[in-house]
Amino acid sequence: MRLSGKVAIVTGAGRGIGKGIAVEFAKEGATVVVGTLVEEEGRQVVQEIAETGGRARFIPVDVASEDSVRELVRQATEAYGRIDALVNNAGITLFKPLLESTLDDWDAVMNIDLRGVFLCSKYVAAEMVKRGAGSIINISSNHAKATLPNTELYAAAKAGVNGLTRSMALSLGKSGIRVNAICPGFTDTPHYRAWLESSGNAREIEREVAWLHAGSRIASPSDIGRLALYLASDEAEMITGEEIVIDGGLSARLYHSRLC
């Protein structure tokens, strides 16, 4: 197994991409710390992993709170004595016109999507440095590279994640720690399904979104999970400071339909 004997923290692991990553890590032998604010979701993921023979533990965390992040890392290291991988997945999405956006909107997005990555990386990296090894994987977005109207706050936060990734890779490399960013596009998560339903024309929009992709489908959480699995494994020893887009060819297309 590719992560046998390793311990991984995955934030925002109660659903969607975070859950997909946690499940893939557990399949490959990792002990997974499921970090999320929603206890019911976190415990459900732990139960699902246990039912398939994997190992997982729920620890609540608010990634925007320094005290909460410190407690997450304290409990994880106390329980397992090590942290081999951190996946900074917790995040929120807010698509809102710039002129209607408030400072509270800005703070909400930045506190989770960027401050949370900084805090979790800071405290987990301090433990990784002691062992001289580790992999930090930041879940960014293709919006960090090419974006749309009315996504200023989200795009800025994710571009910040990519900048943070590059600098951390250089700062932590001599301590044996690799840092990479994954930039997903459309992914079949509860958030995506809610967006479709709120559109009032879900079937047509879903067809059009699929058409935008080279393979005519969007990513699944497990697709993102398998990429994160590779980056967390020893197979990716020479990969650090990278921003890897996983969007099924969406960003390769010159013409995007009226939807995008």
Under unit Cβ charges (Lys, Arg +1; Asp, Glu -1), what dipole magnitude, rounded to 20 debye, does the chain have relative to its Cα centre? 640 debye
Whole-Hz Karplus ³J(HN,Hα) for region 42-58, in order, using 6.51 cos²θ - 1.76 cosθ + 1.60 and θ = phi - 60°, x for Gly and Pro? x, 5, 5, 5, 4, 5, 5, 5, 5, 5, 9, x, x, 10, 7, 9, 8
Placed amide H near Ile136: partners under 5 Å, 5+ positions off or other chain: Leu86, Arg178, Val179, Asn180
In whole Å, what is the distance between the alpha-carbon centres of region 40-106 and region 160-213? 16 Å
Spin-label zone in region 212-246 - amide nitrogen under 16 Å from a point set 7 Å from the Cα of Arg166 along the C-beta vector: 240-245
Zone reached by a paramagnetic label modelled 7 Å from Arg131 Cα along Cα→Cβ, restricted to region 12-53 with backbone N below 18 Å, covers 22, 25-35
Cα-projected label distance for Leu99 with Ile244, points at 7 Å along beta-carbon direction, nm: 4.2 nm
Please report, in debye to the nearest 20, how large the charge dipole of region 140-240 is about its Cα centre when each Lys and Arg carries +1 at its beta carbon and each Asp and Glu carries -1 there. 240 debye
Summed residue charge, Cβ within 9 Å of Lys96's Cβ, Lys/Arg positive, Asp/Glu negative: -3
When a/c reaches 1.5 or more, the comparison of a/b and b/c decides; with that in mind, is region 78-149 rounded, prolate or oblate per its Cα gyration tensor? prolate
Lysine pairs within the chain, Cα separation less than 28 Å, 8 or more sequence positions apart or different chains: 23
Among Leu119, Leu196, Leu229, which one shows the biggest mean-square fluctuation in a GNM of the chain, springs joining Cα atoms closer than 10 Å? Leu196
Derived scalar couplings ³J(HN,Hα) [region 234-248; Karplus, 6.51 cos²θ - 1.76 cosθ + 1.60; whole Hz; x for Gly, Pro]: 5, 5, 9, 4, 9, 10, 7, x, 9, 10, 9, 7, 10, 9, x
Most mobile listed residue (Val179, Val129, Val63) in the chain, GNM with C-alpha springs under 10 Å: Val129
Mean accessible surface per residue for region 119-260, computed with a 1.4 Å probe while every protein chain stays in place, in Å²: 48 Å²
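How large, in percent, is the carbon and sulfur part of the accessible surface of region 164-260 at a probe radius of 1.4 Å?
Working: 2850 of 5270 Å².
That share works out to 54 percent.
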In order through region 124-138: 3J(HN,Hα) via Karplus (6.51 cos²θ - 1.76 cosθ + 1.60), integer Hz, x for Gly, Pro: 6, 4, 4, 6, 5, 4, 4, 9, x, 6, x, 10, 10, 10, 9
Percent carbon-and-sulfur accessible area, region 63-134, ignoring ligands, DNA and RNA, probe 1.4 Å: 53 percent
Quick one: grab the alpha carbon gyration tensor of region 8-94, order the square roots of its eigenvalues as a ≥ b ≥ c, and give me rounded if a/c is under 1.5, else prolate or oblate depending on whether a/b is larger than b/c. oblate
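The values are calculated or read from the model by the stated rules, or taken from the named source; none is laboratory data. The shown structure was predicted, so the numbers you read here are calculated from the model rather than taken from an experiment. As a convention, Cβ positions derive from the backbone with ideal geometry for all residues, glycine included, and neighbour counts pool all protein chains shown. When the accessible area is computed, the model is the full protein with side chains, heavy atoms only, and any ligands, DNA or RNA have been set aside. Shrake-Rupley method; radii C 1.70, N 1.55, O 1.52, S 1.80 Å.
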